[in-house]
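Comments concern the structure below.
The values are calculated or read from the model by the stated rules, or taken from the named source; none is laboratory data. Being a predicted model, the structure only gives us computed values, none of them experimental. Using ideal geometry, Cβ is built from the backbone for each residue, glycine included, and neighbour counts are taken over all protein chains shown.
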There are 2 protein chains.
Amino acid sequence: MSTASFIAGDWGTSNLRLFLCNTEGVALDSTSGPGAAESHGRFANVLNSLAAGWQERHGPLKAVLCGMVGSTIGWVEAPYLPCPAKPDQLADACKSLEGGRVHIVPGLSCRNRFNAPDVMRGEETQILGALELTEALAQGRHLLCLPGTHTKWAAVDDGLIQEFFSAPTGEVFAVLNEHSVLVRNHGGAHDRSDSAAFREGLAGFNGFPQGQLLHRLFECRARQLAGEFTAPAAEAYLSGLLIASDTYGALRIMEGSITAKPITLIGSPELTQRYASALSLNGCESHQVDGSAAALAGLAQIHRRIAEGSHS
Amino acid sequence: MSTASFIAGDWGTSNLRLFLCNTEGVALDSTSGPGAAESHGRFANVLNSLAAGWQERHGPLKAVLCGMVGSTIGWVEAPYLPCPAKPDQLADACKSLEGGRVHIVPGLSCRNRFNAPDVMRGEETQILGALELTEALAQGRHLLCLPGTHTKWAAVDDGLIQEFFSAPTGEVFAVLNEHSVLVRNHGGAHDRSDSAAFREGLAGFNGFPQGQLLHRLFECRARQLAGEFTAPAAEAYLSGLLIASDTYGALRIMEGSITAKPITLIGSPELTQRYASALSLNGCESHQVDGSAAALAGLAQIHRRIAEGSHS
């Protein structure tokens, strides 16, 4: 068994995932805790109590943390690094805390294709990791998609994070599913496993893509009233419509400016598979990278660079 | 003062508006009460107690009611009338209750342009009224829009309601505004009065209409984080994006199949004005009809026809 080297943490708004890692970023152990929203004023306590056992066995360990822990609701604000950004700039811009024992990764900002401000926090570390895990990304102009609550589409040019834009696809899905009359699956399990209805949603949107998302959404309700959909089928159809709309719109935005293939999807396997299906319907190949693996690889890279920097 | 002739009621899911009317459908008095969702099992009681004073002064009066009172959550189910439907079929298809004293107007159903089932309940009565209030609608193929929680776009051909489709634009606005992190105006007044941000939302959507609604929605949040938007501005921008998307999409769906101008907007003046702005940006003139006036005119017309039928 390899030696524990540092603690890697993905500290989002609602969840903290903490890993005990060796130098290569391989997780030797893991645990989870409260998100940034619930850790206000006691970030150090949360980290120390979760990592107490690891520190007892392995001595003092540095921690590298990414995500909302570096936001205004976090432990300390690590200001956004503007794009275009080189991956190694992320390590240099980390905020150091607790006498250099804790490092917080900054997010990224840019003016997107709509000339609007855009931000990410946490995804930059996954991109960093994906660049390391996927050799083909090092050269050329690639499109990366990180689906989630706020899906990010990022253009990477010879390893430089050039620009990105966001779509709150996961959040729109969640609030419509839970709070609208469109699905009526309230209180039930979030079952999006009706793959036929999901694919119908993908294909349905793609048939009429010119701004007709809203007009297809009503089908979730009307087809339940007509007995054509169960509530889980309506939920899957809603997911298909939204993912198709996100994908179709993103491909139009980036049309002509991405030369390399395939498109890289980074996230939970269940979600990247859904986006892979949507991309496939648009004639695009894709390559899936597990989001947790990407985050770990990114945090390990940042840790290595910080360790090198402190020795130089 | 003209003589009271009947009671007209627009009984929606969450609200009942009741009018004492003369034969022409002019409201002599009005009151309001609980919606269909809260009136379960006691519709007769609600109606009788609200109308007790009117009946005392004017003797027994017939009531004509439209809206969700005729749905599965209503007093009695008045099955949907399939399109194409002639306005006078609505009177013939009313469900009679309480020994012929109460008449419930049916909704309409159709297979829409996406070959999906679609339904309306309440709007059919407003369309009926708008056809009466707006002489120009009697001939030719017109597009009508009834904005609201579930916006309806209907095609009327020589006075026949030919087809329609729905967009849950108002509901998407409400759930995103109340339950997402996009606006953060939670608990505050629903102030959509920032007309500059609203118009920016309209124009913003129209600049990139090919399935990019989701990608613009994130600006509501990012521009607040960047200090470009207050929460009310983000709310107004959200409203602009959604109404522009609804309008643009609907015009594409109906492209080439509507010959008559202008487009008729039926609803609350505040909302129809917003849609008029969106239509104007697409080069479409519009004509606004007050939704309450349209409902009253429609209910009066149905009452007249029922009265004529009972004497023939």
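Return only the number of the condition from (1) of a type in the set (D, E, K, R); (2) part of a loop (DSSP other than H, G, I, E, B); (3) modelled with pLDDT of 95 or more that A:ARG192 does not satisfy. Here A:ARG192 meets the rest and fails (3). Taking the stated definitions as given, is B:ALA138 away from chain A (no Cβ under 13 Å), closer than 18 Å to B:ASN115 by Cα and not hydroxyl-bearing (Ser, Thr, Tyr)? Taking the combined requirement at face value, the residue does not satisfy it. Look at (1) within 26 Å of A:LEU160 (Cβ to Cβ); (2) out of contact with any helix residue (DSSP H, G or I) (no Cβ under 7 Å at 6 or more places or on another chain); (3) not β-branched (Val, Ile, Thr) and you find that A:ALA78 fails only one, number (2). The set of residues in region B:193-205 that are within 12 Å of another protein chain (Cβ to nearest Cβ) and farther than 18 Å from B:ALA174 by Cβ comprises B:GLU200, B:ALA203, B:GLY204, B:PHE205.
Of the numbered criteria (1) out of contact with any Lys or Arg (no Cβ under 8 Å at 6 or more places or on another chain); (2) within 8 Å of another protein chain (Cβ to nearest Cβ), the one B:PHE165 fails is (1). When restricted to residues that are at the interface with chain B (Cβ under 7 Å from one of its Cβ atoms), among the polar types (S, T, N, Q) and over 16 Å from A:VAL172 (Cβ atoms), region A:206-236 contains 1. The condition of being at the interface with chain A (Cβ under 7 Å from one of its Cβ atoms), of a type in the set (Gly, Ala, Ser), under 26 Å from the mean Cα position of the chain (by Cα) and farther than 26 Å from B:PHE114 by Cα holds for B:SER180. Residue count for region A:244-262, restricted to those that are more than 10 Å from every other protein chain (Cβ to nearest Cβ) and either of a type outside the set (Val, Ile, Thr) or buried (at least 24 other Cβ atoms within 10 Å of the Cβ) (or both): 6.
Selection over region B:200-232 of residues that are small (Gly, Ala, Ser), without any contact (Cβ under 8 Å) to a residue 40 or more places away in the chain and within 16 Å of B:LEU176 (Cα to Cα) gives a count of 1.
Do the conditions hold for B:SER277, that is, is it within 24 Å of the chain's Cα centre (by Cα), away from chain A (no Cβ under 13 Å) and assigned to a helix (DSSP H, G or I)? Taking the combined requirement at face value, the residue satisfies it.
Determine whether B:GLU235 is part of a helix (DSSP H, G or I) and not small (Gly, Ala, Ser). Considered against the rule, which asks whether it is part of a helix (DSSP H, G or I) and not small (Gly, Ala, Ser), B:GLU235 comes out as yes.
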